[in-house]
Amino acid sequence: MTIPLSSPLENKRIRAFAHANIALAKYWGKLDGEQNLPAVPSVSVTLEALLTTTELLFDPSLRSDQLRLDGSEVQGASLARVVRLLDEARARSGSKCFARVTSANSFPTGSGLASSASGFAALAMAALGACGRPVDRAEASDMARRASASAARSVFGGFARLDAGKPGQRVLAARPLAAADHWDLRVVIAINTRLPKGVGSTEGMNHTARTSAYYDGWVQLASGVADSAQDAIARKDLQALGEAAEHSALSMHACAMAARPPLVYLQPATLACVHEVRRLREQGVGAWCTIDAGPHVKVITSPMDAKRVVERLGSLPGVLQVIESRVGPDASVEVTEA
Ligand code: DP6
């Protein structure tokens, strides 16, 4: 008797949950676009307050894959990325069935708040959950990484690291550095726009690598900064982590701003937050900034100082909303028979 390696994808209702993460040492630049391998290591913290919930249903009556994100049907390049990931699940299970993906974020999508990270981490967990065996996190992280490298880190709660790729490498997963209960760090998020960003991360980092004279310098400094961030997490040293995170973020933006034409993600409200956090530090508050490919600012701080940071950032012109987050848990998946 032959025992199938995996049960078919159909007839299962899958729900996966993944939290966004914020890179404390940034990934910006690819070694290999085909395999989506990062050129630099990155270190992140997963954010409890920013959650993606994704439902996945492989349905024999469908003629193509369908994606609904925050209540709207999605086509084009975003759908194509989802289809590629679903193709991997179909290849693993031998199924040809199409799927409906319904995903919702608890925060603004596509504006630099890491929605692709939590989105693809949740989808990879769901797709492997559909394959009918217990989900291996390293496998889910590798699958998520091919869709969006920062998503590899969102499979893990707490603190995670994604190494740089090596030439010819095909498999690369993030790894957990410490669980959420290792350190009660707080991240205060200043939301400075509701609009989707103009230049997405993939395009932005490829353009930077091609045209910025500072790109080689960025790649050279990134490993040391990632190691400093990892070491600071192990020692729970907020100042060392904050300094590494600010250095990483501002170096990444300096490199992007030196691209031709320049890439400027920072808005007036972004800089207002950066300066306010400096002023807070002068007043004895332990707080440091980081900024991704958008105008929002995330501030790393302690439980003791978080309230003050929330109040001060919330009072700045251009800051629309302020969210305080704890360190978030692992991504997870629930499978029920449909
Ligand atoms: C600035 O993971 O979105 O947020 O792999 O091309 O999908 P792709 O890029 P993506 O880039 C994230 C860039 C960043 C820094 C980070 O999260 O490390």
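Quick one: which helices (runs of 4 or more DSSP H) lie wholly within region 85-163 and hold at least 2 residues that are of a type in the set (D, E) and farther than 19 Å from P60 by Cα?
Passing ranges, in order: 137-147.
Only residues that are within 13 Å of the ligand (Cβ to nearest atom) and under 21 Å from V45 (Cβ atoms): list them for region 156-177, please.
Residues of region 156-177 that are within 13 Å of the ligand (Cβ to nearest atom), as a first pass: 160-165, 172, 174.
The answer is A160, R161, L162, D163, A164, L172, A174.
What helices (runs of 4 or more DSSP H), lying completely within region 177-285, carry at least 2 residues that are more than 24 Å from A147 (Cβ to Cβ)?
Correct list: 215-235, 238-257, 268-282.
Taking region 8-37 as the search range and keeping residues that are surrounded by fewer than 24 Cβ atoms within 10 Å (Cβ to Cβ) and within 9 Å of the ligand (Cβ to nearest atom), which one is modelled with the lowest pLDDT?
Checked region 8-37; the qualifying residue modelled with the lowest pLDDT is G33.
Before we move on, is A121 closer than 17 Å to L47 by Cα, modelled with pLDDT under 95 and within 11 Å of the ligand (Cβ to nearest atom)?
Judged against the criteria, A121 is not a match.
Taking region 178-202 as the search range and keeping residues that are surrounded by 14 or more Cβ atoms within 10 Å (Cβ to Cβ) and within 15 Å of the ligand (Cβ to nearest atom), which one is farthest from A293 (Cα to Cα)?
V187
Run down L271, L266 and say which single residue is in contact with a helix residue (DSSP H, G or I) (Cβ under 7 Å, 6 or more places away or on another chain) and over 13 Å from G204 (Cα atoms).
L266
Go through (1) farther than 22 Å from V319 by Cα; (2) hydroxyl-bearing (S, T, Y); (3) in contact with a strand residue (DSSP E or B) (Cβ under 9 Å, 6 or more places away or on another chain) and name the single condition S251 misses.
Unmet for S251, out of (1) farther than 22 Å from V319 by Cα; (2) hydroxyl-bearing (S, T, Y); (3) in contact with a strand residue (DSSP E or B) (Cβ under 9 Å, 6 or more places away or on another chain): (3).
Examine region 284-296 for a residue that is in contact with a His (Cβ under 6 Å, 6 or more places away or on another chain) and closer than 19 Å to V199 by Cβ, and state whether such a residue exists.
No, because not a single residue in region 284-296 is in contact with a His (Cβ under 6 Å, 6 or more places away or on another chain) and closer than 19 Å to V199 by Cβ.
Among (1) among the β-branched types (V, I, T); (2) in contact (Cβ under 8 Å) with a residue 60 or more places away in the chain; (3) exposed (fewer than 15 other Cβ atoms within 10 Å of the Cβ), where does V264 come up short?
(2)
Out of G314, G284, I need the residue that is surrounded by fewer than 18 Cβ atoms within 10 Å (Cβ to Cβ) and on the phi > 0 side of the Ramachandran plot. Which one?
G284
Name every residue in region 38-68 that is away from the ligand (no atom under 16 Å from the Cβ), touching a residue at least 40 places away in the same chain (Cβ under 8 Å) and outside any strand (DSSP E or B), in order of residue number.
Within region 38-68, D59, P60 meet the criteria.
Just to be sure before I move on: is S106 away from the ligand (no atom under 16 Å from the Cβ) and either among the polar types (S, T, N, Q) or touching a helix residue (DSSP H, G or I) at 6+ places or on another chain (Cβ under 8 Å) (or both) in the structure I sent?
Details: away from the ligand (no atom under 16 Å from the Cβ): yes; either among the polar types (S, T, N, Q) or touching a helix residue (DSSP H, G or I) at 6+ places or on another chain (Cβ under 8 Å) (or both): yes.
So S106 fits the description; yes.
The values are calculated or read from the model by the stated rules, or taken from the named source; none is laboratory data. Predicted model only: the values in this text are computed from it and were never measured. Glycine gets a Cβ as well: all are built from the backbone with ideal geometry, and neighbour counts include every protein chain shown.
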